[in-house]
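Please read the structure below before turning to the comments.
The values are calculated or read from the model by the stated rules, or taken from the named source; none is laboratory data. Only a predicted model underlies this, so the values are computations on that prediction, with no experimental measurement involved. No Cβ is skipped: glycine too gets one built from the backbone with ideal geometry, and neighbour counts run over all protein chains shown.
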Amino acid sequence: MYVDGTVGGGGHAEEICSRLRGPGRLLCLDADDEALTSARTRLAPFAERTFFVHTNFRNLRDTLAEAGWTHVHGVVLDLGVSSHQLDAPARGFTFREDERLDMRMDRRQGFSAWDLVNTRDEEELARVFWEYGEERHSRRIARRLVARRPIDTTGALRNVVVSAVGGQYLTKSLARIFQALRIAVNGELDSLRSALADAVDLVVPGGRIVVLAYHSLEDRIVKEFFRSESTVQTQRGIPLLPSQEPEPRLRILTRKPIVPSEEEAVHNPRARSAKLRAAERRHVGSQHT
Ligand SMILES: C[S@@+](CC[C@H](N)C(=O)[O-])C[C@H]1O[C@@H](n2cnc3c(N)ncnc32)[C@H](O)[C@@H]1O
């Protein structure tokens, strides 16, 4: 019983399904209804093994409970936006097109990038650009943006960034500002923290959690979560007998993240920044294996 929390176009799911045997099942989640439609088509040959739920993976625990699954053998999360979302018209994720500012993965959600950009004050926007984009010119961009509101389209936002930054780092700044807004609109980092916490509870001993991250903010969350769950946590100053020590629940399988080869990055440039980390649920009681 496996969960693909980000089924997208169904590429990973198809590979997982092709390896399922006997009673093997895959629960496919995505916050984006269009992704689920295309995944369903691609996974039609595995219709008896697959289930689809339109939800955010932050609801992993409740979704599994509703499906009647008490545990799983593996969870995969391939974070961020899909190529489809970047390329499809009118989703407003990319500065390379001129579309209405949107960036919602789940279009049932009321709050979009338009609302964020046009209703939040300068200080909050600068904080979003700094915290979620690590953008050095966050204050200047926020000031220009507020002065030029309303900002209705990705093209208008792009022009604000061009006027505030310019120069050789422009493309990087554009990528950082668009990334920051996307993370804020979709609550991406909190969703990831919540899904990891649920996954470690729900995965059986020997089962695995695999996460692909595409920027340092999300990769740091995964790395620190795996590290804290794979080391013994003792409260300072409280001596414990070895038998009383809380046991780590995870064993890290990827000491360093797995990254694409040069060849893969050339063939699939959007994978260039990917970092894959994997961990295995330990058997409780099998101290430090
Ligand atoms: C990089 S793509 C996944 C591609 C997929 N692995 C494949 O093989 O086609 C990311 C997908 O995850 C979805 N997604 C991102 N964050 C999500 C979240 N918090 N909950 C549910 N789906 C999410 C996006 O809508 C998108 O379809």
Inset, instruction - Go through (1) outside any strand (DSSP E or B); (2) in contact with a strand residue (DSSP E or B) (Cβ under 8 Å, 6 or more places away or on another chain); (3) within 10 Å of the ligand (Cβ to nearest atom) one by one and return the number of the condition V200 breaks. - result: (3)
Legend entry - Candidate set from segment 10-37 (those that are within 12 Å of the ligand (Cβ to nearest atom) and surrounded by fewer than 18 Cβ atoms within 10 Å (Cβ to Cβ)); member that is nearest to D106 (Cα to Cα): D33
Legend entry - Selection count, segment 178-195, where residues are farther than 18 Å from F111 by Cβ and crowded, with 22+ Cβ neighbours inside 10 Å: 2
Legend entry - Residues of segment 38-52 that turn out to be surrounded by fewer than 20 Cβ atoms within 10 Å (Cβ to Cβ) and near the ligand (Cβ under 10 Å from one of its atoms), as a count: 2
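Quick check, is R100 touching a residue at least 12 places away in the same chain (Cβ under 8 Å), more than 26 Å from G8 (Cα to Cα) and either away from the ligand (no atom under 16 Å from the Cβ) or touching a Lys or Arg at 6+ places or on another chain (Cβ under 7 Å) (or both)?
The answer is no for R100.
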Inset, instruction - Would you check if there is a residue in segment 54-71 being of a type outside the set (D, E), surrounded by fewer than 17 Cβ atoms within 10 Å (Cβ to Cβ), more than 19 Å from L174 (Cα to Cα) and within 12 Å of the ligand (Cβ to nearest atom)? - result: yes
Legend entry - Only listed residue being in the same structural domain as N56 (by TED's automatic domain parsing), in contact (Cβ under 8 Å) with a residue 60 or more places away in the chain and within 21 Å of the chain's Cα centre (by Cα), chosen from D198, D106: D198
